[in-house]
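The structure under discussion appears below in the form of structure tokens.
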Amino acid sequence: MKKTFTFILMILSFFVLASAKNFTITIHGNYFSTSDSNLADNFGKKKYFPEGKVSLRIAGNFFLWSSYGAFSKNKSWPEWSNKVIEEADIEVEDIFKKNIISCGLGYHIGYIEKDEFSVKVEIGACKITNDQETTARGVAGGNVLTSEKKKESGLGVRGNMAITYGIYKSFFTEISVGYLYATDKVAGTTVKLGGMMISLGLGFRF
């Protein structure tokens with residue numbers, strides 16, 4: 001599945017470069033609220049992260065789009081190997097990384113030009129991956145005692161609705177609301193990988 005998504009992104013990138021006058025590049029700052037209660041308890045329900053998007057007009061007001069966003073979160077805490085000792089002799093570090101790859105079809109109403117508004121609707125597929133690594137080290141010397149890796153990954157759907165406003169020549173700003181739905185089954189338990197996302201972006205139209 002990973003190779004399939006990579007192939008799709010490569011094909012879309014080729015057409016973007018071949019038709020430079022018909023595409024836009026947008027950088028978003030995203031506010032993401034996860035649907036996974038376990039993830040929310042361990043790393044927080046809300047997270048801010050950047051995302052890059054390219055869009056290619058194919059016919060009329062229809063366009064193809066593709067995006068990539070990622071964020072990571074680290075936390076650590078002390079533990080005791082023996083209840084008798086007074087001070088913690090183990091430090092546990094948890095590293096969590098989330099990657100979101102999306103692509104699909106969109107339609108816009110209006111004009112992406114200076115002093116003009118446009119409404120965009122996007123629907124497509126997404127691949128969401130969670131990578132988590134938990135490492136326990138001895139406080140004295142820092143030697144690794146245990147290391148455990150866990151990966152959750154799933155294909156799903158994504159929908160966005162955005163409003164753009166042209167601010168200067170080919171530059172525009174954009175605010176959007178979207179939802180991502182993807183799941184994975186781990187040890188008989190369904191893990192929700194997606195969630196709601198509110199984005200504020202700045203783009204350039206070629």
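Numerical summary
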item: Condition check for Ile109: surrounded by 13 or more Cβ atoms within 10 Å (Cβ to Cβ) and part of a strand (DSSP E or B); result: no
item: Members of segment 114-154 found to be in contact (Cβ under 8 Å) with a residue 60 or more places away in the chain and under 21 Å from Thr173 (Cβ atoms), listed by number; result: none
item: The one condition in (1) at pLDDT 90 or above; (2) out of contact with any helix residue (DSSP H, G or I) (no Cβ under 8 Å at 6 or more places or on another chain); (3) polar (S, T, N, Q) that Asn130 fails to fulfil; result: (2)
item: Selection status of Glu79, in contact with a strand residue (DSSP E or B) (Cβ under 6 Å, 6 or more places away or on another chain) and among the acidic types (Asp, Glu); result: yes
item: Matching option when the condition is basic (Lys, Arg) and either without any contact (Cβ under 8 Å) to a residue 40 or more places away in the chain or touching a Gly at 6+ places or on another chain (Cβ under 8 Å) (or both), among Arg158, Arg205; result: Arg158
item: Residue in segment 18-32 that is surrounded by 15 or more Cβ atoms within 10 Å (Cβ to Cβ), of a type in the set (Phe, Trp, Tyr), assigned to a strand (DSSP E or B) and at pLDDT below 90 present; result: yes
item: Residue within segment 44-67 that is modelled with pLDDT under 85, in contact with a strand residue (DSSP E or B) (Cβ under 9 Å, 6 or more places away or on another chain) and assigned to a strand (DSSP E or B) present; result: yes
item: Residues that are in a loop (DSSP other than H, G, I, E, B) and surrounded by 20 or more Cβ atoms within 10 Å (Cβ to Cβ), drawn from segment 151-206; result: Leu193, Gly194
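Every residue, every condition in (1) in contact with a Ser or Thr (Cβ under 9 Å, 6 or more places away or on another chain); (2) among the β-branched types (Val, Ile, Thr); (3) touching a residue at least 60 places away in the same chain (Cβ under 8 Å); (4) surrounded by 14 or more Cβ atoms within 10 Å (Cβ to Cβ), yes or no:
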{"position": "Asp36", "(1), (2), (3), (4)": "no, no, yes, yes"}
{"position": "Leu39", "(1), (2), (3), (4)": "no, no, yes, yes"}
{"position": "Val54", "(1), (2), (3), (4)": "yes, yes, no, yes"}
{"position": "Phe62", "(1), (2), (3), (4)": "no, no, no, no"}
{"position": "Ser81", "(1), (2), (3), (4)": "no, no, no, no"}
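The values are calculated or read from the model by the stated rules, or taken from the named source; none is laboratory data. The structure displayed is predicted, hence computed values, not measured ones. Positions of Cβ are backbone-derived with ideal geometry, glycine not excepted, and every protein chain shown enters the neighbour counts.
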